[in-house]
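The values are calculated or read from the model by the stated rules, or taken from the named source; none is laboratory data. Note that the coordinates shown come from a computational prediction; the quantities given were computed from them, not determined experimentally. Cβ coordinates were reconstructed from backbone atoms using ideal geometry, including for glycine residues, and neighbour counts include every protein chain displayed. Only protein heavy atoms, including side chains, enter the accessible area calculation; ligands, DNA and RNA are left aside. Shrake-Rupley method; radii C 1.70, N 1.55, O 1.52, S 1.80 Å.
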Amino acid sequence: MKRIILVSVFLGFNFCFSQSSVLHNLNNNRLMSNALNKIGNNELNDNDYTGSPFLDKNFLPSKIGGENGIHLLRYNIYNDEIILNRDSEYFKIPKTDLNYFEIGNKYFVRLVNGSYYIQTSDEVRGNIILRKDKIKFTQGKISENGYVQSTPSKFTKNKAEYFLYNLESKKLIPFKKEDFTSFFVTKEKEINHFFKTNKLKSDQDYNEILKIL
């Protein structure tokens, strides 16, 4: 039976992590087994659950902002953790000085205020758009008799939230008209028109606001 490894604590297992701060060893071309938080793993059959807690189920060759080398990373949205795979050992990257990750040349992940966000736009005049993905976990049920079918656990993707992030002030602004007009006081007319005429469904819809700021 095909099996996968979930590097996660989503089933309620708690792992004890050290208070390591940064990947000092990377800059010396040494791997970071002493600098990262090594974690256990929980093995599940792939038919024990549906959906996925991950941004991408695979560990992808990735870059870590400010560090050397290519590393296999995977972002667990449900746990809000970035996991590193080193020779089939797994490490949780600490949420400290490492705040920018290019995962698989597909996803740009930023650490802001202790939480990870997906960057959906290029930088425009010091502003970027961030998306906060959300996933819900529902515990499966085992049938107690032959009349009711067992149901697997499942991960369900919920509606994402979007924010504008100002790189200079480090301010995270929710996509609400009032929040934008209070921060960009000289752009009130343009902002009001933007929120009135845009339905804001896709990443690109949200990115469009950068053109008027």
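Couple of notes before you dig in:
- Among (1) open to solvent by 40 Å² or more (accessible area, probe 1.4 Å); (2) within 19 Å of residue 132 (Cβ to Cβ) - the single one residue 210 does not satisfy: (1)
- Look at region 165-178: where a residue is farther than 15 Å from residue 200 by Cβ and at pLDDT 95 or above and a partner is open to solvent by less than 40 Å² (accessible area, probe 1.4 Å) and among the polar types (S, T, N, Q), sitting 6+ places away or on another chain with Cβ atoms under 6 Å, you get 166/127.
- Failed item, numbered, when residue 57 is tested on (1) open to solvent by less than 40 Å² (accessible area, probe 1.4 Å); (2) modelled with pLDDT of 50 or more; (3) closer than 30 Å to residue 152 by Cβ; (4) not hydroxyl-bearing (Ser, Thr, Tyr): (1)
- Residue list for region 155-207, filter: assigned to a strand (DSSP E or B) and of a type in the set (Lys, Arg): 157, 159, 171
- Of residues in region 191-207 being over 23 Å from residue 109 (Cα atoms) and in contact with a Lys or Arg (Cβ under 9 Å, 6 or more places away or on another chain), the one most open to solvent (accessible area, probe 1.4 Å): 196
- Exactly one residue out of 66, 104, 126 is in contact (Cβ under 8 Å) with a residue 12 or more places away in the chain, at positive phi and surrounded by 14 or more Cβ atoms within 10 Å (Cβ to Cβ): that is 104.
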